[in-house]
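> Sharing a structure here in C-alpha cells format.
What follows is calculated from the coordinates using simple rules that are stated; it is not laboratory data. Computed from a predicted structure; not experimentally measured. In this analysis, Cβ positions are derived from the backbone assuming ideal geometry, glycine residues included, and neighbour counts consider all displayed protein chains.
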Amino acid sequence: MADTIKVVVVHWTGGGAVATSLDREHYNVIVEQNGSVVSGKHDFADQFVTSDGDYAAHTLNFNTAAASVALCGMAGATSPDDVGEYPITEPQWFSAVDQIAAICREYGVPVTPQTVLTHAEVEPNCGVKQRGKWDITVLPWEGPAGLRGARAVGDYLRSCVVEALGPNDRSRLVPVGPLRLGCRGPEVEALQTRLEALRFFCGRVDGVFGPLTRDAVVVFQTNNGLAPDGVVGPKTAAALEVAGPRPERAVTVDDLERSGTVADARATGRVGDLIGATAGGLATQLDTAADAVGTAGAAVDQAGGVLARLSDILANNWPLLLVIAVMLVAWFVLRTLGADTIKRRVRDAREGRNLAR
C-alpha cells in the first residue's frame, strides 16, 4: 500500500483556457492559460490509495501514488500541426513546472523519465497501455514549428523541473544519466565540453543533446570498445572520465589535395588571383593614362604642382580607380578565405571533426 506520491503525470485538459468542474474532478492541480493555479477536488493524499474510488482518475491504470498536473487548453486540437483555439502557453508551462517541482520536493520524487513524465510517455516509458493519448507532444511556442514529440517534450519538461528545483534539491532528486538524444540541461553541456576536450566534435556547447552530440558519443563509444548506441549510460560516463584526448591523425595539405577535399578552397584562391591579376592590368592602364595627363598638362604642373596633377588624374580616371580598389579588396578577401578554409580542413581532418559533420 502506497503512502506517498511516487510519480507525477502531466496532462493537458483538452478544454478551454480555464478550469472546469470536470477538470477539477480528474486532476489534482490545474494550471490555466494565464498561469493561475487551481486545486482539484482530490488532494494528493487521495492518490495514496485508489481502491476506495475516492481519487483523481487522470491516467488509465496509473493513478495509485501518482499525482496529476494538467494544463488547460488544446480544445479542438487534432495534431501537432493543429493545436486548436486554446494552445498551451509558455507562462502556463512554467507555472506548471513550479507545481511539479514543489511536488517532487515535498514527496522526494526523483526526476526520471519513469517518475516525472507526460501522459504521452506513460505507455513507452512505463509499459502501461493507454488509449492513444498524445498529451503533451507539442509546445507551440518553442521554435518556428514548436517542440514536438513525446520524448523531446518529456525531456524538456524534466530539464525545466531540474532547473526549478535548485541546487540542494537537485543533488537529492536528480539521478545522473543516462543522457540521450533530446536531453537538455547542464549535464548535457558538461558532456559536450568533455567531448570537445577529447577531440570528438559535437557541435556547439549549448546543453542540447542533438544529432551531432549523439554522433560524437557513438564515435567515442566505438573508439573505446563500448556498444555504439549513442546513449551515455554508466559505462560510457565512466569511460569519459578516464579517457585521454583522441590522437590527431597524420593528415597534411597534400593528403587533402589528393582527396579533393580542398578543391573548393583552391578554386576560391584562384579566383582571387585572377581578380588580382586583372586589377594589376587595370593599374598599368591607369599608369599609361597618368603619363598622358602628365605630358599634356605640363603647364598645369608649373602652375599648380603635384597636387594639381593628382587632381587631374583622379578627375579623369576615378571609375577605373574605384574598380581597381574593389578588385584589390576582393583579391585579399578571397585569398584569405581560401587559405583559412584549407587550414580549417586540415585541423578538422586531424581531429576527426569532419567525420561527425
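> Would you kindly compute the Cα radius of gyration of the stretch 15-90 and its largest Cα-Cα separation (Dmax), both in Å?
For the stretch 15-90, the Cα radius of gyration and maximum Cα-Cα distance read 13.3, 40 Å.
> Given the convex hull over the Cα atoms of the stretch 49-128, what projected area results after averaging over all orientations, in nm²? Don't skip to the end; give the middle numbers.
Values: hull surface 25.9 nm².
Averaged projected area of the stretch 49-128's Cα convex hull equals 6.5 nm².
> If you average 1/r across every pair of different Cα atoms in the stretch 89-222 and take the reciprocal, what Kirkwood value do you get, in Å?
Working: mean 1/r = 0.0634 Å⁻¹.
Every distinct Cα pair counted, the radius reaches 15.8 Å.
> Okay, next question. Once Rh is set to the Kirkwood radius over Cα pairs, what Stokes-Einstein translational diffusion coefficient, in µm²/s, holds for the stretch 6-140 at a temperature of 4 °C and a viscosity of 1.567 mPa s? Intermediate values should be presented prior to the final figure.
On the way: Rh = 14.7 Å.
The estimated diffusion coefficient comes to 88 µm²/s.
> Any idea what diffusion coefficient the stretch 105-170 gets from Stokes-Einstein, in µm²/s, Kirkwood Rh on alpha carbon pairs, 25 °C, 0.890 mPa s? Please list the in-between numbers first.
Details: Rh = 12.7 Å.
Approximately 193 µm²/s, per Stokes-Einstein.
> At 0.36 nm per residue, minus the direct Cα-Cα distance, what do GLU189 and THR336 gain on full extension? Give it in nm, one decimal, please.
49.6 nm
> Mind giving me the nanometre distance, one decimal, between the label points for GLU106 and ALA237, set 7 Å out from Cα along Cα→Cβ?
For the pair GLU106/ALA237, the computed spacing is 2.9 nm.
> With no solvent and one point on each alpha carbon, what is the Debye value of log10 I(q)/I(0) for the stretch 64-103 at q = 0.15, 0.21, 0.23, 0.35 Å⁻¹?
Debye output, listed in q order: -0.45, -0.73, -0.79, -1.11.
> Hey, another quick one. Once you charge only the Cβ atoms, +1 for Lys and Arg and -1 for Asp and Glu, what is the size of the charge dipole of the stretch 34-168 about its Cα centre, to the nearest 20 debye?
In debye, rounded to 20, the stretch 34-168 gives about 280.
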